[in-house]
Amino acid sequence: MADERLIHLIDDEDAIRRSASFLLRMSGFRVETYASGVAFLAVAANVEPGCVLLDIRMPELDGLEVQRLLGERGIALPIVMLTGHGDIALSVRAIKAGAVDFLEKPFEKDTLLRAVEEAFERLGAAQTGQMDAAAATLRLAVLTPREREVLDGMVRGQANKITAYKLGIATRTVEVHRSNLTHKLGVRSISDVLRIAFVAGFGGPPAEG
């Protein structure tokens, strides 16, 4: 039951705003739409708290810049980034900056709703359960050397095929290792895996997008 919780949807594509709004409203959410990051930032200080669905590539201000400006203004709304193909490095940067998740377009209904629910969980939480670096490092200790190499590629925002090339293994093998990471770390998504890695200070900086 969504209990009429509010979602702020920011995307410059009218088709995405219309289709995602319809899906979310049919699932019981209220939705406010904005055609640009500039439009949202103009009212962000006074909006009702809710989840933010934020397109990563927009004219004028992209999603990462909007995310940064919201943080500078002390507007702490949970953000789920909407990304296109080839935006892996940008998505990693968004997670490192505090985004809840990233969804690659076109996304499935269940995937969208799951990310939104996680965002609302964070909005309602007191954040007292956040891991410290020592706890995150301890969780990563269960990984094999190869899994840690694959994780390092993820942290750097590398595509699976690039990681596979650098490690001299098949792309499918990298995909299997990525799947194993979520199971070993006891989390639901790659975004959660990345968050643990960042808290632990694992790996090098993400690649520039």
- Note on the structure: Listed by chain and number, the lysines with an alpha carbon less than 30 angstrom from that of residue 109, same-chain partners under 8 positions apart left out, are 96, 161, 184
- Message: What does DSSP give for the chain in terms of the percent of beta bridges that are antiparallel, rounded to the nearest 5?
- Response: 0 percent
- Query: On the accessible surface of the chain, probed at 1.4 Å, how many percent belong to carbon and sulfur atoms?
  - Reply: 54 percent
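The values are calculated or read from the model by the stated rules, or taken from the named source; none is laboratory data. In this text, all values refer to a predicted model and were calculated from it rather than measured experimentally. We work out accessible area using only protein heavy atoms, side chains counted, and drop any ligands, DNA or RNA first. Shrake-Rupley method; radii C 1.70, N 1.55, O 1.52, S 1.80 Å.
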